[in-house]
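For reference, the structure discussed in these notes is given below.
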Amino acid sequence: MYRLHSILRYMLALAIMTGAVHADFRTNINFGEALLRTTPAPPGYKSARDAAHAVRKGRVAHAAVPEGIPDNVLVEEDVPYASRENSSLRADVYRPRNTTDPSPILVFVHGGAWDHGNEDSFRAWGIHYAQRGYVAVAITYSLVQVAPYPTALNDVREAFRWAQSQAGNWKADPSRMAIVGQSAGAHLALMAAYQPDSAPRVQAVVNFYGPADLTDKPLRTSKAVRKFLGGRRYSRAEDRYREASPMTHTSPQCPPTLIFHGTVDSRVPVSQSDRLADTLQRNNVPYLYDRIEGWHHAMDLYAEVNAHCLSVMDLFLDTLLRGEKP
C-alpha cells in the first residue's frame, strides 16, 4: 500500500483551483514553490486498458520528434564508445554549439525489456537538453540476445567512463554527471548509480518506471526478467535476482534520485517505485517522486505527459547539476 510520510508533500491545491490535474509529488528536497510552476500532468485513466483505448482512438497525442537539428545544437551520431566481438557499442552525442561554461553531462539509457530498443528514442530529449546547455549522450548496450546480465550493466558503466574521458573534447564538466533511464534502462541506470565503487560517481539519477526489486511479484515470474538473468527461475536463483535489484543496493550514499511512475502501470507495478521512495526516505537520500495518477507504462511517449515530465526533470537536473535555486 502506498504509504505517506510527514515530509514535504505537494497535493497542489493551486492546480486543483485552476482546474489542472497535477501529479502527486513526494520529496525531501526543498524546491520551494517551484514544483507548482511545472507543467501540470493531464488527467489520467482508471486502468491501463482505458489509457491504451484512448491512445488507439486518437484521443491522446504522441510526443513530437524533431525533424531536423536546430542551429544551436551539434549532433554526433553512432560514435563508438566500446568494442565487442564483431561489433561496437555506440552513442549519439548532443551538445550546445556555442557555450562558454563547461556543460553537465547526461547519459540516457533506453528501455525495451533488455531485449530491444535503441538510442534513437532520446532524440527529442537530446536536442532539448543540448539547447539548455547540457551534453546529452544516448547510448546502446548489449541486449540479452548477445549476453545476459551483468553484461548490459557493465556496458552502461563503460559508457559512463567513456563520457567522462570525453568531457574535455565536449567542453563538459566530468564532475557533474547524471544518468537517465526508461523502464529496463531505468533499472540499469539505478544499478549503475547505486553501486559507485564500480563506475564514476553519479551526481543524480532519473528513473522512469524502472523495476527496482526483481524478487517481488510479478517481476520474479516475468519471462523478460528470467531471460535477462540468464534463463534461471527465481526459485533456483534467488541470490541472483536479489543482487540484480536496485533495492538491494540502496544506502545513504546513493545519489539524488528522481522517480516517475504511473499509477496504472500494468508492466512494472507502481508499488515498485512506492517502495523505492520509502527506502530512499529512510536512508535520507535526496529524492523526488512524481507519482502520476491514471497513467500507464511508457506514459512519456504522449505529448502532455511528456511535457509534464520534462518540466519536472528540468527543475531536478538544473537544481542538482547546475546549482540553480528553484
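Laboratory data are not the source of any read-out in this text; all were calculated from the coordinates shown. This is a predicted model, so every value here is computed, not measured. Because the Cβ atoms are built from the backbone with ideal geometry, glycine has one as well, and the counts that use them run over all protein chains shown.
Of note:
- If R0 is 35 Å, the Cβ-Cβ spacing of HIS53 and ARG236 corresponds to a FRET efficiency of close to 0.35.
- Segment 269-326: C-alpha gyration tensor shape, a/c 1.5 cut-off, then a/b vs b/c: oblate
- Cα-based reach from LYS46 at 13 Å (exclusive), listing aspartates and glutamates while leaving out same-chain residues under 8 positions away: ASP265, GLU293
- Leading residue at positive end of dipole, segment 9-321 (Cβ point charges), from TYR289, SER271, ILE259: SER271
- Relative contact order of the chain, pairs being alpha-carbon contacts under 8 Å that are 6 or more residues apart, as %: 21 percent
- Neighbours of THR39, meaning other residues whose beta-carbon lies under 10 angstrom from its beta-carbon, give a summed charge of -1 when Lys and Arg score +1 and Asp and Glu score -1.
- Rounded if a/c under 1.5, otherwise prolate or oblate - segment 65-130, Cα gyration tensor axes: prolate
- Hydrophobic, long helices, defined as DSSP H runs whose alpha-carbon span along the helix axis is 15 Å or greater and whose mean Kyte-Doolittle value is at least 1.0, occur in the chain at 303-321.
- Overall form of segment 219-326 per C-alpha gyration tensor (a/c, 1.5; a/b vs b/c): oblate
- Cβ-to-Cβ counts within 10 Å put LEU219, LEU214, LEU89 in ascending order as LEU89, LEU219, LEU214, the fewest first.
- For GLU238, GLU33, the sequence from fewest to most other C-beta atoms within 10 Å is GLU33, GLU238.
- Helix content alone sets the calculated 222 nm mean residue ellipticity of the chain: runs of n ≥ 4 DSSP H residues at -39500 (n - 2.57) each, divided across all residues, give -8500 deg cm²/dmol.
- Counted charge near ARG84, where neighbours are those whose Cβ lies closer than 13 Å (Asp, Glu -1; Lys, Arg +1): -2
- Sorted by Cβ neighbour density within 10 Å, fewest at the top, the residues HIS249, HIS261: HIS249, HIS261
- Gain upon complete extension [SER266, ASN118; 0.36 nm per residue less C-alpha separation]: 51.0 nm
- Calculated log₁₀ intensity ratio I(q)/I(0) where the Debye formula runs over C-alpha points of the chain, q = 0.12, 0.15 Å⁻¹: -0.81, -1.31
- Across segment 35-194, Cα pairs under 8 Å and at least six residues apart give a relative contact order of 24 percent.
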